[in-house]
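The values are calculated or read from the model by the stated rules, or taken from the named source; none is laboratory data. Remember, predicted model here, so these are calculated numbers, not experimental data. Cβ coordinates were reconstructed from backbone atoms using ideal geometry, including for glycine residues, and neighbour counts include every protein chain displayed.
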C-alpha cells in the first residue's frame, strides 16, 4: 500500500535567476518503508523533502499522502494535516528552549487535542521511554546535549503516531555513537510500528542501513 | 485554534524573559497611571470651578431686561422701501425692572418638575455711607429661608447670622470685603442710599464670604421688605427670580421653556458662565491629548519589544508551524503576550494612578481663606479607571497585532533549511 505518492514534481527557484531545481520527479513510498534520499549537495533532495512535508507549496505536480491529495490545499489545512499525519526531525534539533523536555514532546498532541492532558502526558512518557530519555523529562530542553535533544525531537515527531516521519539530515550534526542511536530508533519505528520513514542524508552508513535508497542528481532521480 | 494552548505558550515566553516583559509592562503602567492622574485632577478642577460658579449663581435667573433701545413711533407706523425715517435724540422710556406677577410666578415654578428651589429677590444698586465715605455696591432683598435653600447661605457666614434678618427688619448682612472697606462689624450701623434717592440706616447683623471677589466686594443682603421700603415700592415688587434645578444640565432647556411660557427674559448658568464651560472643554481636550500621547508612546514601546520578540523567536515559530500550528495559533501566541502585558500593565497603572491621585487629593493647597479649597481637587470616578484600562488594552492589542501578523506570515522552510 502506498502511503505517499509524488508525481511530476517540478520546482523552480527564481532568485537570483530562474533555475529548475526539480525536474519531473516521480516516486512512491510504501507503508512501513524506511527510505533514504541521497545525493550531492544542491541536487534538490532537501527541496524535495520540504515539498513532501507540505511546508513548501510552491511547486508543480501532484502530491498525495495517505490517499489524500495535498496539492493546492490552504496553509492552515496543511498545518492541521502535518499535525496529525507527519512528524519531523531536523538536522538542528529545534526544540523550544523555554519549555521542558516533556512539554516539547506534548505540544503537538495538545494542539491535536485528541486526548486529555493526562493521557497526552502518559503518551509523551511512553515516547520518551522509546528514545530512552524519561529521566530528563522535567529538564529545560536547552540544558540537554545535542544527541539528547535529537532524541527528544524524535519523541516529539512520534507523539501523534504519524503515518510518516520525515528527517532532514537527522544525524548530520551528531557523533558516531549518537548517530547509531538515532538510526536504531528509526529502524525500530519503521519495522515494529509500521510507520514510514523518509530521510534525507549524507551519511552512507545510515543510508545503507535503510530499506530503500533514492539517489538524486541535478534535480532528477537517478536510482531507486 | 486552541486558545488555551496558545495562552500557555504565550505565558511561557513571557516568563522566560521576565525583565523584557516587565519593561514592556511598565510602559503601559506609566501611560495609564498618568492618564488616571491627569483626568482625575483635571476633572476635579473642572468640578471645583463649576461648583464655585454654580454655588453662587442660580441655574436659571429670571429678570426684566431694561433696554434703552426701542424703535421710534415713526418706525413702528411708517415703513417703506423708498423712504428713510430719521428721529434725533429719542429719549428712553420709563421702564421698571419689576417682574409682573413675580410672586405668583414663583409659586407656579416651584411646583414644576426638576426644580429644587425658587427664590424671589429685589435687587438694587446702592451706595453705602460710613461717615464721609461712599462706596457703591449692590443690595439684594431676599426671602432668607428660600435663598438659604438655594445657596446654603448659612455656610458662607463669617460672623453674625442670616437668621437675624427674619427678626430684625432693619438688619443687613454685608460681604466680607465690603465690610472691611466700610470698617464695620456685626452690630455697627451703615447708611444705604439708592440711585433713586431713597435712604435708610441699617444695622449689620452678619458678614459673609463666598470666596468670590466680585460678590464679597459689593454684595449685601437684607430682607425683601426693607429693599422695597428704600425703593418706595409696593410689596409685590420683585426684580429677580432665582431657580435651582436638581440637575444643572436640565436648566439649559428649562430656561427656554420658561421664557416661552411667561414671555420674560431668562438666563441659564451656561450662558452666564461661558468662560468656565469653554475652559472645561479646553482642559478636557488637553487631558485627552496628553493621555493619548502617553499611551501611544507606550504602544510604540510594546510594538518594538514584540517585534524584537518575533525576530528572536523565528526558529520557534518555524517549529510550531512544522508541527502543525496554523497561522491563527501563531497570531494568538504573540497577540496574547501583548494582551497579557496590556492588562497586567494597565491594572498596575490603575493602582499607581489611584495612589498618586489619592496623594494629590490629601496634599494641602494654600489658597487663602476666601476659597473653600484645602487640598488639590481630585475626582475619583470608576469610569475613568474603566476608560484607562480599555485604552491600555486597545493600544497593546494594536501594538501587538502587527508583529503577530508578521510572525504568522513567516515561511518555515526558509528558517528550517537555514
(message) Looking at the stretch A:73-82, can you tell me whether even one residue there is assigned to a helix (DSSP H, G or I), more than 7 Å from chain B (Cβ to nearest Cβ) and either surrounded by 23 or more Cβ atoms within 10 Å (Cβ to Cβ) or in contact (Cβ under 8 Å) with a residue 24 or more places away in the chain (or both)?
(response) yes
(request) State whether the residues of the stretch A:178-185 include one that is within 14 Å of chain B (Cβ to nearest Cβ) and part of a helix (DSSP H, G or I). (result) no
(request) Return the total of residues in the stretch A:46-72 being under 19 Å from residue A:198 (Cβ atoms) and surrounded by fewer than 16 Cβ atoms within 10 Å (Cβ to Cβ). (result) 4
(message) Anything in the stretch A:101-110 that is at the interface with another protein chain (Cβ under 9 Å from one of its Cβ atoms) and surrounded by fewer than 23 Cβ atoms within 10 Å (Cβ to Cβ)? List them, or say none.
(response) A:103, A:110
(request) Kindly indicate whether residue B:58 is away from every other protein chain (no Cβ under 14 Å) and touching a strand residue (DSSP E or B) at 6+ places or on another chain (Cβ under 8 Å). (result) yes
(request) Sort out which residues of the stretch A:30-59 are closer than 15 Å to residue A:79 by Cα and either more than 14 Å from chain B (Cβ to nearest Cβ) or in contact with a helix residue (DSSP H, G or I) (Cβ under 6 Å, 6 or more places away or on another chain) (or both), and write them in order of number. (result) A:50, A:54, A:55, A:56
(message) Any residue at all in the stretch B:121-132 that's over 17 Å from residue B:64 (Cα atoms), assigned by TED's automatic domain parsing to the domain that holds residue B:217 and assigned to a helix (DSSP H, G or I)?
(response) no
(message) Take the residues in the stretch A:112-124 that are more than 22 Å from residue A:197 (Cβ to Cβ) and outside any loop (DSSP other than H, G, I, E, B); name whichever of them is farthest from the other protein chains (Cβ to nearest Cβ).
(response) A:122
(message) Being surrounded by fewer than 19 Cβ atoms within 10 Å (Cβ to Cβ) and either part of a loop (DSSP other than H, G, I, E, B) or touching a strand residue (DSSP E or B) at 6+ places or on another chain (Cβ under 6 Å) (or both) is the filter here; which residues of the stretch B:210-227 pass it?
(response) B:211, B:212, B:217
(message) Among the residues in the stretch B:348-355, are any loosely packed, with under 14 Cβ neighbours inside 10 Å and at pLDDT 85 or above?
(response) yes
(request) Considering (1) under 30 Å from residue A:75 (Cβ atoms); (2) surrounded by fewer than 21 Cβ atoms within 10 Å (Cβ to Cβ), say which one residue B:299 fails and leave the rest. (result) (2)
(request) Select from the stretch B:1-10 the residues that are out of contact with any helix residue (DSSP H, G or I) (no Cβ under 7 Å at 6 or more places or on another chain) and surrounded by 13 or more Cβ atoms within 10 Å (Cβ to Cβ) and list them in ascending order. (result) B:8
(request) Examine the stretch A:157-167 for a residue that is more than 13 Å from residue A:90 (Cα to Cα), more than 12 Å from chain B (Cβ to nearest Cβ), crowded, with 19+ Cβ neighbours inside 10 Å and in contact (Cβ under 8 Å) with a residue 24 or more places away in the chain, and state whether such a residue exists. (result) yes
(request) For residues that are without any contact (Cβ under 8 Å) to a residue 12 or more places away in the chain and farther than 15 Å from residue B:124 by Cα, tally how many sit in the stretch B:168-203. (result) 1
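Conditions tested, residue by residue: (1) in contact (Cβ under 8 Å) with a residue 40 or more places away in the chain; (2) in a helix (DSSP H, G or I); (3) under 30 Å from residue A:83 (Cβ atoms); (4) in contact with a helix residue (DSSP H, G or I) (Cβ under 8 Å, 6 or more places away or on another chain).
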site	(1), (2), (3), (4)
B:237	yes, no, no, yes
B:257	no, yes, no, no
B:283	yes, yes, no, yes
B:293	no, yes, no, no
B:300	yes, yes, no, yes
B:304	no, yes, no, no
B:309	yes, yes, yes, yes
B:316	no, yes, yes, no
(request) Residues being within 20 Å of residue A:112 (Cβ to Cβ) and either buried (at least 21 other Cβ atoms within 10 Å of the Cβ) or within 8 Å of chain B (Cβ to nearest Cβ) (or both): count how many of those fall in the stretch A:91-100. (result) 4
(message) Given the options B:318, B:332, name the one that is within 14 Å of another protein chain (Cβ to nearest Cβ), crowded, with 20+ Cβ neighbours inside 10 Å and either at pLDDT below 85 or over 16 Å from residue A:104 (Cα atoms) (or both).
(response) B:332
